[in-house]
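Remarks on the structure that follows.
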Amino acid sequence: MRRTGAPLLAGLLVLASSAAAGPEPARGKALAEARQCGACHGADGVAQTAGVPSLAAMPGQVVVLQLILMREKLRQVPAMAPFAEGLTDAEIEDLGAWFESLPPGLPADRAPVDATKLAAGAALSQKGRCGICHLPDYRGREQMPRLAGQREDYLRQALTQFRDSQRIGTDTQMTGLLHGYSDADLAALAHYMAHRDGGS
């Protein structure tokens, strides 16, 4: 796995904040509509498509960093490549502001609670101290994504990619934290996070 580390993170944050005007959610909304983001991520930012993350109430920095990684081809997501290509820093910040401004929601196909998996996921989250970075209610902050109410299938996929060193990010913390977790462990964690409320 590429070890990008703190220097790249700092560079990306500088790059993302280089636009003269501050981010504007209204411009982000217009751009999201023009780029048809809602076709996969949901018109309200709540994804109803399997394997696609919900972006409603996602911290803006998460959206900004991920779009920059995709635009610069540091993170390969073929389905996103044509949408990220050509975006300016200001447009990316506007998109981040728009998705952050949306109220959180839940996918219509969210699975019913499985008490056994929920308890196992809660214990694993406590063991991994997930709430330190993602906050105790898992609503995320800064460049740490919102996990609460996220699509369970997407969470399971992302956790597996991190564990297996298949996901490029701005650091390698998640890969180290998930070392040794079984598929069942990751499924339980995903189920637990998908059933958190995460505040507003």
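The values are calculated or read from the model by the stated rules, or taken from the named source; none is laboratory data. Note that the coordinates shown come from a computational prediction; the quantities given were computed from them, not determined experimentally. Virtual Cβ from ideal backbone geometry, glycine too; neighbours counted across all protein chains shown.
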Result of the Cβ filter at 7 Å on region 11-32, keeping first residues that are within 18 Å of residue 56 (Cβ to Cβ) and crowded, with 17+ Cβ neighbours inside 10 Å and partners that are modelled with pLDDT of 70 or more and among the polar types (S, T, N, Q), at least 6 apart or interchain, is 25/101
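Anything in region 150-200 that is part of a loop (DSSP other than H, G, I, E, B) and small (Gly, Ala, Ser)? List them, or say none.
165, 169, 180, 182, 198, 199, 200
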The condition of being out of contact with any His (no Cβ under 9 Å at 6 or more places or on another chain), within 30 Å of residue 27 (Cβ to Cβ) and hydrophobic (A, V, I, L, M, F, W, C) holds, among 123, 97, only for 97
Scanning region 160-177 for residues that are at pLDDT 90 or above and buried (at least 20 other Cβ atoms within 10 Å of the Cβ), the one farthest from the chain's Cα centre (by Cα) turns out to be 163
Residue set 40, 133; condition in the same structural domain as residue 177 (by TED's automatic domain parsing) and not in a loop (DSSP other than H, G, I, E, B); output residue 133
Conditions (1) in the same structural domain as residue 62 (by TED's automatic domain parsing); (2) surrounded by 16 or more Cβ atoms within 10 Å (Cβ to Cβ) -> residue 88 fails only (2)
Screening 124, 147, 118, 67 for residues that are part of a loop (DSSP other than H, G, I, E, B) and surrounded by 14 or more Cβ atoms within 10 Å (Cβ to Cβ) leaves only 147
Residues of region 41-66 being over 26 Å from residue 108 (Cα atoms) and of a type in the set (A, V, I, L, M), in sequence order, are 64, 65
